[in-house]
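Worksheet for the structure shown next.
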Amino acid sequence: MEMLFTLYDNSCGYNFFNVCLSLFQVVHAHKPHFMALHCQEFGGKNYEASMSHVDKFVKELLSSDAMKDYNRARVYLDENYKSQEHFTALGSFYFLHESLKNIYQFDFKAKKYKKVTGKEIYSDTLESTPMLEKEKFPQDYFPECKWSRKGFIRTRWCITDCAFDLVNIHLFHDASNLIAWETSPSVYSGIRHKALGYVLDRIIDQRFEKVSYFVFGDFNFRLDAKAVVETLCAKATMQTIRAADTNEVVKLIFRESDNDRKVMLQLEKKLFDYFNQDVFRDNNGTALLEFDRELSVFKDKLYELDISFPPSYPYSEDSSQGKQYMNTRCPAWCDRILMSHSAKELILKSENDEKIVIYDHIGPNVCMGDHKPVFLSFRIAAGAGKPIANVHKCCVVQ
């Protein structure tokens, strides 16, 4: 059974055609039996004005010829943007191929699995939907943001005797490049660790039986800014620009010691202008992976396949610049697909030892917003999760 997990950040606010076309190409190439699509900032950052794009996107996914063989679907859209207390702008889509039999979804209130039939869409007040758990992180997690939309949505599934959780997550961003540069690790990475730790504690607590889990979305993981700058500008001198009225540092300029004092990097609150973007693209940015350190805190709980694609953020929003990064942040692998160690064992087991696992990005040359979508395609052999399924009584679902 082929599984496809995909995530789009800032989806459907613009480039609607590119998003759909690129997704359908991946579906055609991998022909998954079960597909999970997780979106963050659904509707784009200007969600109030972009909800019409969301409706078009949902309609296209459910009715397109490319998806005609998926006769069951569940769509969960947090569109209740007027609720400051609950709004997360998350969207979770799940599609089941017609050849797939006996698929069940967990009811968190009834604590029972229920057979999935037909196509259903849930939006607005997802808090009352028993088939998922949804939470927005407390405001004091990230006080710099007056109205944060960060949070998570969790669903649970049982397919071919295998039970697992799928968690759509959006963690906190870096509010200032200058503050991120000050310490190593940065204060923002600590905020993300706190939020992710909270989610992991929730999905393995005592309220429900434990199953394997996949967590995928925009983690906003950033490279260690101080270490990256020190490496990229190892032979440069730094000039500090301060505000005249407050003496606050507002800009850092790194110049080569020789070569006519050429500017290598300019750093401001929302500016990361490095003179040579090729370092982030060449060989998929592999040289910078050593500075991708935020996941190491959770190595005992989370596993990730080797990254073999360039940083997923921040791409230019100019439709003619599909490969170009914006000079707003240091490029980083913000968008990830992570899993529990039991899930790792599940996806690396397949019939005849045939390991068909692909972890990659979508549309390398196509503009789909400031994030480049990431996907994971893998195969689960029938009965691979049976020992777990027996524990979780998937055979007696209702």
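Each reported figure results from applying straightforward, stated rules to the coordinates on display, with no laboratory input. Keep in mind that what you see is a predicted model, and the values were worked out from it rather than measured. Glycine gets a Cβ as well: all are built from the backbone with ideal geometry, and neighbour counts include every protein chain shown.
Assorted remarks:
- Listed by chain and number, the aspartates and glutamates whose C-alpha is less than 18 Å from the C-alpha of Lys251, apart from same-chain residues fewer than 8 away, are Asp174, Glu182, Glu230, Glu268, Asp273.
- Charge tally in the Cβ shell below 13 Å around Asp205, where Lys, Arg are +1 and Asp, Glu are -1, Asp205 excluded: -1
- Computed 3J(HN,Hα) for region 192-204, one whole-Hz value per residue from the Karplus formula 6.51 cos²θ - 1.76 cosθ + 1.60 where θ = phi - 60°, is 5, 4, 4, 5, 5, x, 4, 5, 5, 5, 5, 7, 10, glycine and proline marked x.
- Potential lengthening between Gln239 and Arg207 on full extension [0.36 nm per residue; Cα-Cα distance subtracted]: 6.1 nm
- For the chain, the mean residue ellipticity at 222 nm estimated from helices alone is -6000 deg cm²/dmol, where every DSSP H run of n ≥ 4 contributes -39500 (n - 2.57) and the total is divided by all residues, rounded to the nearest 500.
- Cross-linked pairs Lys31/Lys114; Lys270/Lys301; Lys82/Lys150; Lys59/Lys114; Lys31/Lys194; Lys150/Lys372: Cα-Cα separations exceed 27 Å for Lys270/Lys301; Lys31/Lys194.
- Estimated FRET transfer efficiency when R0 is 25 angstrom, pair Asp69-Lys323 (beta carbons, to 0.05): 0.15
- Diffusion of the chain by Stokes-Einstein, at 25 °C in a medium of 0.890 mPa s and with Rh set to the Kirkwood radius over alpha-carbon pairs, works out to 111 µm²/s.
- Mean-position separation - Cα centroids, region 48-85 and region 226-300, in angstrom: 39 Å
- Of the peptides 340-347, 159-166, 285-292, 198-205, the order by per-residue mean of other Cβ atoms within 10 Å, starting with the highest, comes out as 159-166, 340-347, 285-292, 198-205.
- Full-extension gain in nm, Glu135 to Ser296, via 0.36 nm per residue minus C-alpha separation: 55.5 nm
- For the Cα trace of region 46-201, dividing Rg by the Kirkwood Rh returns an Rg/Rh value of 1.02.
- Packing-based ranking, highest mean first, of 368-380, 242-254 given that Cβ atoms within 10 Å are counted: 368-380, 242-254
- Each other residue within a Cβ distance under 12 Å of Pro32 adds +1 if Lys or Arg and -1 if Asp or Glu, for a net charge of 0.
- A protection proxy built from the mean count of other Cβ atoms within 10 Å ranks the segments 255-266, 71-82, 94-105, 323-334, most packed first, as 323-334, 71-82, 94-105, 255-266.
- Here Asp306 and Asp273 are evaluated by their C-beta separation; at R0 = 30 Å the FRET efficiency comes out at 0.50.
- Backbone phi angles across region 242-252, fed through the Karplus curve with coefficients 6.51, -1.76 and 1.60 (θ = phi - 60°), yield HN-Hα couplings of 10, 5, 5, 8, 10, 6, 6, 5, 10, 7, 10 Hz in residue order; Gly and Pro are listed as x.
- Long-range amide H partners of Arg336 with built H, under 5 Å: Gly217, Phe219
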